[in-house]
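Asker: Next up is a structure, given as structure tokens.
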Amino acid sequence: MASLSEEVLLVVKKVRQRKQDGTLYLMAERVAWGPEGKDRFTVSHLYADIRCQKISPDGKAKIQLQLVLHTGESTTFHFANESSALKDRDATKELLQQLLPKFKKKANKELEEKNRMLQEDPVLFQLYKDLVVSQVISAEEFWANRLGGINNTDPAVVNNKQEVGISGAFLADIRPQTDGCNGLRYNLTADIIESIFRTYPAVKQKYSENVPHNLTEKEFWTRFFQSHYFHRDRINTGTQDIFSECAKQDEKGLKSLVIQGVKNPLVDLLSLEDKTLDEGYGICTTLPSTSNANKTVKESSNSAIIKRFNHHSAMVLAAGSRKGVFTSLLTASSSETSSTDGNSRDSDFFQPPVKKVKLQEAIEYEDLQRENRPKTVALNLKKSDRYAHGPVPLQSQHYTTSQDIINSVNYIRHEMMNYKPNLTEVLSSTAASSAIAALSPGGVLMQAGAQQAINQMVPTEVQGELKHLYVAAGELLRHFWSCFPVNTPFLEEKVMKMKSNLERFQVTKLCPFQEKIQRQYLSTNLTGHLEEMLQTAYSKFHIWQTRRMMRKT
Amino acid sequence: MKLNIEGLLVYFPYDYIYPEQYSYMLELKRTLDAKGHGVLEMPSGTGKTISLLSLIVAYQRAFPLDVTKLIYCSRTVPEIEKVVEELRKLMEFYAKETGERNNFLALALSSRKNLCIHPEVSSLRFGKEVDGKCHSLTASYIRAQRHVNPNQPVCRFYEEFDAVGRQVPLPAGIYNLDDLKDFGRRKGWCPYYLARYAILHANIVVYSYHYLLDPKIADLVSKELAKKSVVVFDEAHNIDNVCIDSMSVNITRRTLDRCQNNVDTLQNTIQKIKETDAAKLREEYRRLVEGLKEANVARETDIYLSNPVLPDEILKEAVPGTIRTAEHFVGFLRRFLEYLKSRLRVHHVVQESAPQFLKDIFDKVCIDRKPLRFCAERLQSLLRTLEIADIADFSAVTLISNFATLVSTYSQGFTIIIEPFEDRTPTIANPVLHFSCMDPSIAIKPVFQRFQSVIITSGTLSPLDIYPRILDFRPVTMASFTMTLARTCLCPLIVGRGNDQVALSSKFETREDFAVIRNYGNLLLEMSAVVPDGIVAFFTSYVYMENIVASWYEQGILENIQRNKLIFIETQDAAETSMALEKYQEACENGRGAILLSVARGKVSEGIDFVHHFGRAVIMFGVPYVYTQSRILKARLEYLRDQFQIRENDFLTFDAMRHAAQCVGRAIRGKTDYGLMIFADKRYARADKRGKLPRWIQEHINDGSLNLTVDETVQLSKHFLRQMAQPFRQEDQLGLSLLTLEQLESEEMLQKITQIAHQT
């Protein structure tokens, strides 16, 4: 049927699409469907394009599977084989389930990355609009050397987005619902699974160990919800539970945390008491010998709940700031790392500073002290962006404090109040008016400033447009110039293409703009520089071309 | 600023002062002038410590002959260190103002665990281990052995200190625990013994209650402190319990078993020594006959050489003949041990007084009162003669002999209760002999008698008159100070009903009631949605908290709370709780917000402050009555009624309310701080309960905040929190709750200040 260079993984017959019978093929890189009796595919999707699959609920008459694409389109297949429809569908689903994530990661990552870049960088977005949407260059060309550049930059910069913490109640959100016949239904979303994995790394480990070799995903989660691990108030019944190990690991982690002790000496209850009474002295003692033996089942389950809550909260908290302390928790079982964080017992050198600071904090009465800081003035911004992009002072190291400014303002005010014009030493009126004329815009002394006037004389939208043109032109030129020296056929091709791109740019973008400003401002030649740049590129191209011709002939 | 407190020039290391601080100093000065004792209550966070220190230091400078020393006792190690840091601040201020370094010596003293710098010893985790190890390196006979056998390990820090440390006095200055350690490291001296030696000539000593109240330690450490000292007990609201604890003994079957082993070891050691070095035993015998006291030189390092009874009760005679020889004494111990074992074999609860016990022991095994009284001393002598290195192993026999001495010394104020099993588990035999002190005045009496001024102070001492009664002393001043506030930064609310009008109470009858538990849960849930950052909730007991947490879990309340805040819970394990506490603070810091469920009378309620965002609300679930069914408590109540005419209910309510006040007071640590105090029990609305709260809380409870429902509470809280979240600047306080020197000296203000102190 198809070009059989591709490996076909699954063929399902009697699958209807748009009320047409046909055959569904799952291949190595795409899923395809062809109507019965025809020799070609009418539907073909790369796995990478598929965002997710959806299936019809179990009870429905029609057994369907829907593929949703990243573009938002969707394709629905109806499994029509009466005897094995459900089986077919499930087989397809299972296979897709395994295949999709492999492609998904790659596709998603790139797509997300592009999306993110466009969202975070308005200039880039505008450029994208100017060049790609108006089809000056293709999207691939646009991204070709951008993504690469991004991938090379410091990953920390890319990942500097703040990580979202985990809701403390994510386990509460999986409220079980009874399904009518003595069973419970848990609704799990990808977010919750993610939360579980981040909070309980032990479970994640179990998951990667067991799924899909030993258990299906569904079985895994079923067991999870049945386990003692999830229901801490149930007393551990057996060791066949795969999660009992998790519980042990958690216990270990908790213990190692406890042994590490606390950094803040003020909350360390162990060293709070100065001189404890010796054993046997004192009045209200719960005697140590009675602690474990006669605890009822209820009591120990209660204390298990309490432990669980403490542990859960600690883990949730840690998941939010994963980089820090808790990485050691995972490895703490192997205990060699625990001494590296400087929190071990003998670290006398680390402790005092924390202690000193905490003590000082504890004895401070801020309201009893006079505020010694210099008086400050609150900044009142009308246009915050103007503040952010304001002029850079030339002598950046010479700052004046607000106090100084206030003083000098006061000083000036004082001066002004005491100002008495000395009428015997004033200029003659003619001299004064000529000086004013010279200092006015257009005057003799103001020649140098005339060029700057552009941003006052041109309305902002034209300015913006000009800016975009500059950026777009710059981008194209960058592509163009990056082709030189032209030493491969590929570059040759590219340079030709870029030349035509530039020309197209000039025709579709620059010329309309020129016309527009000519209609409004006759004299100002705003685009002169742009044209100059383009001309340079053209002449370079011509030189290169004539040289090539010469070589060829 | 420099203040004039009735003619005394007081340097106060701040630019401003709270009116109540001035008033506090005034009262304190009068107490010192009268050379009497005082009871002063001032809210936490109003700078009590610095007021105390400023005034007493000024007094010491002005009248160096009248007050030679300040002994400042506090409860926990962090508190001790805080006091020293405040003192340092004061001294720096003195130096700046007067331009000369004064020759004040002030230092903190703590147990070996906090002061040891010996690399091996200090790495041990528990105080007892550190003490034991230290003793095995520094005991007098160990050091004596070293002369013979130079390979004997000793502590070089102690040796160095012993060799040169005593000749050179500690240079003047302020020494916190870490400073002492630093100093010790630099000089190579043992900081612990250095500190113990230095307190004798220091101007200010800061240490824990036990060093003064526990006769076993006080005799060693504080014996030679000058009589003309001022003693301050800070955070003294629990002082009666400290007194009682230090004089009480519990004996279990395990203790007796271990004691049996100890006695066997003693016997064997005696046998061995007899074969090799009989002269030693003869020498001991001779000494005992002559009634010679041990040479004082050796005493310092031998930690077991302490008598459990108060110094004036120790007999100044020779050890009686019946227990003078070592074998006889061991035999005597065996008999005593067998007798105790037989007493523990009871099947019903026995309660008797000390004289009854003595009579019984005389009838059954013919043990006289007098040898019993010497038991502790005789054992000490024997242990030393036998040169036993690891005295930690002998804690059981020490305990028994201490008990013997105590029971035969005091005929009043103690009771003996033998319980064959715990009340909750009547089927499991676990006999315990409680020898409990019921009269806190016994332990503290020598302190009152010996020192010219004793100041008892805390944030919560109400009702004031009860302390002089149970501690049996006559104060010259008793005053309670309120907190002057420019804005009402505390908001006590009494929640009496749930939204469904169910009365909320933790009283025994409704304790298991689901409606109450659910309503408590709703209260916490609603508050968790309203209050920013941290909430601390206290329960009346650990068991109660466990039950409530379990049923909240079943009802899904905790899950809903988790949507708003993280939950941390105090456990019975201190290390685990410390971790939970730190995580709790972390969660408050990073803005997630957290709830700490804790227990009144627990470690958290006693020692941890929840300043600012660490505690925006405290919820007290129920009234924290002590477990009233305990026989020891019953005996104590009876004793209080007979001896001090304090009615049982009065005492129980007083005790419950002081703990409740402690709990809710944890959230307010200053005038810039603010917090809700929610009393979730309808019984708080009654006058007899409310009236026992400290005045600074009481005066903010109005009729509108009594017997609220949960909804009303939430509304009031919202309103309060919104108001408090507004910026609060220094200018807002000035003139009202914060004074400059000029404002303080104005006539009008001085008049106002006299009203702050509430005399009783």
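Asker: Let me make sure I get this right: for the range B:240-288, a, b and c are the square roots of the gyration tensor eigenvalues over alpha carbons, sorted descending. Under 1.5 in a/c it's rounded, otherwise prolate if a/b > b/c, else oblate. Which is it?
Answerer: oblate
Asker: If the cut-off is a Cα-Cα distance under 20 Å, which aspartates and glutamates reach A:Lys204, setting aside same-chain residues fewer than 8 apart in sequence?
Answerer: A:Glu163, A:Asp173, A:Asp191, A:Glu194, A:Glu217, A:Glu219, A:Asp241, A:Glu245, A:Asp250, A:Glu251
Asker: Sequence-distant or interchain residues sharing an amide H contact under 5 Å with B:Ser737, placed H: which?
Answerer: Residues meeting the criterion, in which the H sits 1.01 Å from N, are B:Ala486.
Asker: Further, regarding this structure: When the Karplus curve 6.51 cos²θ - 1.76 cosθ + 1.60 is applied with θ = phi - 60°, which whole-Hz ³J(HN,Hα) does each residue of the range B:565-572 get, with x for Gly and Pro?
Answerer: Ordered by residue, 3J(HN,Hα) equals 8, 7, 10, 10, 10, 5, 10, 7 Hz.
Asker: Another question about this same structure. Fewest first, what order do B:Ser395, B:Ser458 take by the number of other Cβ atoms within 10 Å? It would help to have the intermediate numbers written out before the result.
Answerer: Details: B:Ser395 19, B:Ser458 27.
Taking fewest neighbouring Cβ atoms as first place, the list is B:Ser395, B:Ser458.
Asker: Using only Cα atoms, what is the ratio of the radius of gyration of the range B:354-425 to 2.2 N^0.38 Å? Intermediate results must be reported in sequence, preceding the final value.
Answerer: Numbers: Rg = 14.7 Å, N = 72, 2.2 N^0.38 = 11.2 Å.
Taking N as the residue count of the range B:354-425, the ratio is 1.32.
Asker: How many Å³ per residue does the convex hull of the Cα positions in the protein assembly as shown occupy?
Answerer: It is 309 Å³ per residue.
Asker: Pop out the ³J(HN,Hα) list for the range B:74-86 in order, Karplus 6.51 cos²θ - 1.76 cosθ + 1.60 with θ = phi - 60°, rounded to Hz; leave Gly and Pro as x.
Answerer: 10, 9, 10, 4, x, 5, 4, 5, 4, 4, 5, 5, 5
Asker: Within a Cβ distance under 12 Å of A:Ile517, other residues only, what is the Lys/Arg minus Asp/Glu net charge?
Answerer: Details: positive: A:Lys516, A:Arg519; negative: A:Glu461, A:Glu465, A:Glu515.
The answer is -1.
Asker: Then there is this: Exceeding 22 Å between C-alpha atoms, which entries from my cross-link table qualify? They are B:Lys128/B:Lys280; A:Lys62/A:Lys87; A:Lys467/A:Lys516; A:Lys54/A:Lys218; B:Lys2/B:Lys48.
Answerer: In this structure, B:Lys128/B:Lys280 exceed 22 Å between Cα atoms.
Asker: Also: Positive end of the dipole of chain B, charges at C-beta (+1 Lys, Arg; -1 Asp, Glu), about the Cα centre: which of B:Leu383, B:Tyr59, B:Leu558 has its Cα farthest in that direction?
Answerer: B:Leu383
Asker: Compute the projected area of the convex hull of the Cα atoms of the range B:305-456, averaged over all viewing directions, and report it in nm² to one decimal place. Please report the intermediate quantities before stating the final value.
Answerer: On the way: hull surface 46.1 nm².
For the range B:305-456, the mean projected area of the Cα convex hull comes to 11.5 nm².
Asker: Output wanted: per-residue J couplings in Hz (rounded whole) for the range A:9-17, from phi through Karplus 6.51 cos²θ - 1.76 cosθ + 1.60, θ = phi - 60°, x for Gly and Pro.
Answerer: 8, 8, 10, 10, 8, 6, 10, 9, 9
Asker: For B:Ile273, what is the net charge nearby, where nearby means another residue's Cβ is under 9 Å from its Cβ and Lys, Arg count +1, Asp, Glu -1?
Answerer: Spelling it out: positives minus negatives among the neighbours equals 0.
Asker: Would you mind ranking A:Trp481, A:Trp33, A:Trp544 by Cβ crowding within 10 Å, fewest neighbours first?
Answerer: Ascending Cβ contact count within 10 Å gives the list A:Trp481, A:Trp544, A:Trp33.
Asker: To the nearest 20 Debye, how big is the dipole of chain B about its Cα centre, given +1 on the beta carbon of each Lys and Arg and -1 on that of each Asp and Glu? Don't skip to the answer; put the middle values down first.
Answerer: Values: 93 positive and 94 negative charges, 298 e Å.
Around 1440 debye, computed over chain B.
Asker: Here is a follow-up. A:Met27's amide H: which non-local residues (gap 5+, or another chain) put their own amide H closer than 5 Å, with H modeled 1.01 Å from N in plane and none for Pro or chain starts?
Answerer: Amide H neighbours of A:Met27: A:Leu9, A:Ala32.
Asker: Going by how many other beta carbons lie within 10 Å of each one, how would you line up B:Glu559, B:Glu512, fewest first?
Answerer: Lowest to highest Cβ neighbour count: B:Glu512, B:Glu559.
Asker: Return the lysines within reach of B:Lys69: Cα separation strictly under 16 angstrom, same-chain partners fewer than 8 residues apart disregarded; answer none if there are no such residues.
Answerer: Partners within reach: B:Lys29, B:Lys35, B:Lys223, B:Lys227, B:Lys228.
Asker: Here is a further query. Among B:Leu708, A:Val211, A:Ile259, flag the residue with its Cα farthest along the positive direction of the charge dipole of the protein assembly as shown, charges on Cβ as +1 for Lys/Arg and -1 for Asp/Glu.
Answerer: So the residue furthest toward the plus end is A:Val211.
Asker: Could you work out, for the range B:30-159, what percent of all Cα-Cα pairs fall into each 5 Å distance bin, beginning at 0 Å and stopping at the bin that holds the largest distance?
Answerer: Histogram of Cα-Cα distances, whole percents per bin: 2, 8, 14, 15, 13, 12, 9, 10, 9, 5, 2, 1.
Asker: Same structure, new question: Taking just the C-alpha trace of chain B, give me its Rg and Dmax in Å.
Answerer: Spelled out, the Cα radius of gyration and Dmax of chain B are 27.9, 85 Å.
Asker: Find, among the GluC sites (Glu not before Pro) in the range B:329-403, those assigned to loop by DSSP (not H, G, I, E, B) with at most 11 other beta-carbon atoms within 10 angstrom.
Answerer: Numbers: sites: B:Glu338, B:Glu352, B:Glu377, B:Glu387; in loops: B:Glu387.
Here no GluC sites (Glu not before Pro) fit, given the DSSP loop and packing criteria.
Asker: Let me ask something else about it. Among A:Ile166, A:Gly528, A:Leu477, whose Cα lies farthest out toward the positive end of the dipole of the protein assembly as shown, if unit charges sit on the beta carbon of Lys, Arg (+1) and Asp, Glu (-1)?
Answerer: Highest projection toward the positive end goes to A:Leu477.
Asker: Further question on the same structure: What residues qualify as long-range amide H neighbours of A:Cys52, i.e. H under 5 Å apart, gap of 5 or more or another chain, H built at 1.01 Å from N?
Answerer: Close amide H contacts, sequence-distant or interchain: A:Val68.
Asker: Just to confirm my numbers, what's the Cα centroid distance between the range B:11-49 and the range B:577-640 in Å?
Answerer: 28
Values in this text are rule-based calculations from the coordinates and carry no lab data. All figures in this text were calculated on a predicted structure; none of them were measured in a lab. Neighbour counts run over all protein chains shown; Cβ positions are idealised from the backbone, glycine included.
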